[in-house]
Amino acid sequence: MTTVPRRFEILLVAGFTESDETPPTSAHALRSAVVEATGETGESGYPRYAGNGMEADIDPATRTVEALLVDGAEIDYGLSVRVVAAPAT
């Protein structure tokens, strides 16, 4: 049985390339938000997460963001999203 994480942190960054040696952190992100599972499934078929102005469909197995709204709008081209484990509370 696979458990779906209840929380993630979404990092909105200016760009990302495979050659980046270290993953981005919230200190280097343009914006970050801790999101929690809503219990709903998004249009993409993946679990929906929401919080702090962000709403995303996230594949929990690969941490791939399949859909994202920031303050109700799609993000601009040139921006990238990374999903990391949510900080401990």
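Where a number appears in this text, it was derived from the coordinates with a stated rule and is not lab data. Model, not experiment: these values are computed from the prediction. Glycine gets a Cβ as well: all are built from the backbone with ideal geometry, and neighbour counts include every protein chain shown.
Out of the residues in segment 54-69 that are of a type outside the set (D, E, K, R) and closer than 11 Å to I10 by Cα, which is surrounded by the fewest Cβ atoms within 10 Å (Cβ to Cβ)? Steps first, answer last, please.
Keep residues of segment 54-69 that are of a type outside the set (D, E, K, R), which gives 54, 56, 58, 60-62, 64-65, 67-69.
With closer than 11 Å to I10 by Cα added as a condition, the list becomes 54, 56, 58, 64-65, 68.
Working: M54: 23, A56: 24, I58: 26, T64: 13, V65: 21, L68: 20.
The qualifying residue surrounded by the fewest Cβ atoms within 10 Å (Cβ to Cβ) is T64.
Restricting attention to segment 27-41, and to residues there that are under 16 Å from R7 (Cα atoms) and in contact (Cβ under 8 Å) with a residue 24 or more places away in the chain, which single residue is surrounded by the fewest Cβ atoms within 10 Å (Cβ to Cβ)?
Our first condition is that a residue be under 16 Å from R7 (Cα atoms); within segment 27-41, this holds for 32-41.
With in contact (Cβ under 8 Å) with a residue 24 or more places away in the chain added as a condition, the list becomes 33-37.
Values: A33: 21, V34: 16, V35: 23, E36: 14, A37: 17.
Ranking the candidates gives E36 first.
Highlighted here are the strands (runs of 3 or more DSSP E) found entirely within the chain that include at least 3 residues which are over 12 Å from the mean Cα position of the chain (by Cα): 31-41. Looking only at segment 40-55, count how many residues are more than 21 Å from T89 (Cα to Cα) and among the small types (G, A, S). Here the count works out to 3.
Return the residues of segment 53-63 that are touching a strand residue (DSSP E or B) at 6+ places or on another chain (Cβ under 8 Å) and without any contact (Cβ under 8 Å) to a residue 40 or more places away in the chain; say none if nothing qualifies. Can you show your working first?
In the first step, residues of segment 53-63 are kept if they are touching a strand residue (DSSP E or B) at 6+ places or on another chain (Cβ under 8 Å); the result is 53-60, 63.
Selection gives G53, E55, D57, D59.
If the condition is being touching a residue at least 12 places away in the same chain (Cβ under 8 Å) and of a type in the set (D, E, K, R), then segment 64-81 contributes E66, D71.
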